[in-house]
Amino acid sequence: PTKFEKLDDSQYRFRLEIQDHNTDLRFYRIAAKILDEKIKILLSEEIYGESAFQNKSVLAVAGKSQSDGRGYVILSENNKEKIISKNGYFYNPKFSPDGNYIIYNTSGREWFAKIIYDIQKNTDILQLAYLSDENYGFTPDGEYFYACTVAGIDGTIYGEIYKLPEFNIQYDLFEDNDIRKDMTEIMASWAMSCKYDDERKSVQFILSDKYTSSNPITKLFEYSFVDKKAHLIQ
């Protein structure tokens with residue numbers, strides 16, 4: 001047990017770290033009460049990720065009470081907590097670089113996604129399926145968000161740039177008629193990644209058939225924030 005907090009004369013909250021028979025280390029948040037010289041557990045939540053930004057923190061937990069195995073995402077701001085999502089499996093919440101958004105993971109049977117929550121608007125603003133940690137980000141000026149993937153049994157494929165704060169689509173790689181001729185061979189079995197290039201002030205989309213070909217084809221598309229256009233680099 002660590003991080004003890006005294007809530008009142010008889011109630012306490014603390015963290016519990018436990019490892020049983022060489023399993024992975026697990027983390028819990030516990031609330032307890034001293035009653036008739038005995039400890040009564042009031043709350044037991046397993047933590048599936050947490051993050052902090054200035055006076056804010058966020059937790060993904062499961063088990064709002066001893067009999068409740070549902071999942072929650074809990075935002076704490078100035079030590080006041082509120083549930084921003086519930087009744088699902090959630091993990092690894094993170095703040096955006098400016099602290100205005102929370103990005104957290106959710107998953108179900110044979111699918112997973114990232115959800116972006118707008119703290120000021122108090123709502124989920126975007127959900128993106130099959131999005132890995134490597135293939136999304138915010139531009140340094142905080143004005144844009146980009147994401148890409150080629151994944152899923154259903155052939156999910158996208159390469160998009162969103163204008164903040166409304167998250168309207170600024171650019172969609174797969175709806176660009178000017179470069180569509182260069183994308184005729186791209187299939188849902190291809191690999192895809194994207195990144196921001198600060199020197200070139202652009203988002204680069206890299207596609208390859210490396211998983212299905214012994215002589216991989218690689219295509220590099222770049223959306224420039226200078227001329228607001230996309231270009232085939234290679």
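Do you know which residues across segment 28-53 are open to solvent by 20 Å² or more (accessible area, probe 1.4 Å), within 20 Å of S10 (Cβ to Cβ) and in a strand (DSSP E or B)? Selection gives K33, I34, L35, K38, I39, K40, I41, L42, L43, S44.
Of the residues in segment 91-104, at least one is under 14 Å from the mean Cα position of the chain (by Cα) and without any contact (Cβ under 8 Å) to a residue 40 or more places away in the chain. Taking segment 128-171 and the strands (runs of 3 or more DSSP E) fully enclosed by it, the elements with 3 or more residues that are open to solvent by less than 30 Å² (accessible area, probe 1.4 Å) are at 144-151, 156-163.
In the set (1) over 14 Å from F167 (Cα atoms); (2) over 16 Å from the mean Cα position of the chain (by Cα); (3) exposed (fewer than 15 other Cβ atoms within 10 Å of the Cβ), the condition left unmet by K121 is number (1).
The values are calculated or read from the model by the stated rules, or taken from the named source; none is laboratory data. For clarity, every value in this text was computed on a predicted model and none was experimentally measured. Note: ideal-geometry Cβ built from the backbone for every residue, glycine included; neighbour counts use all protein chains shown. Ligands, DNA and RNA are stripped out before the accessible areas are found, and what is left, the full protein with its side chains, is counted by its heavy atoms. Shrake-Rupley method; radii C 1.70, N 1.55, O 1.52, S 1.80 Å.
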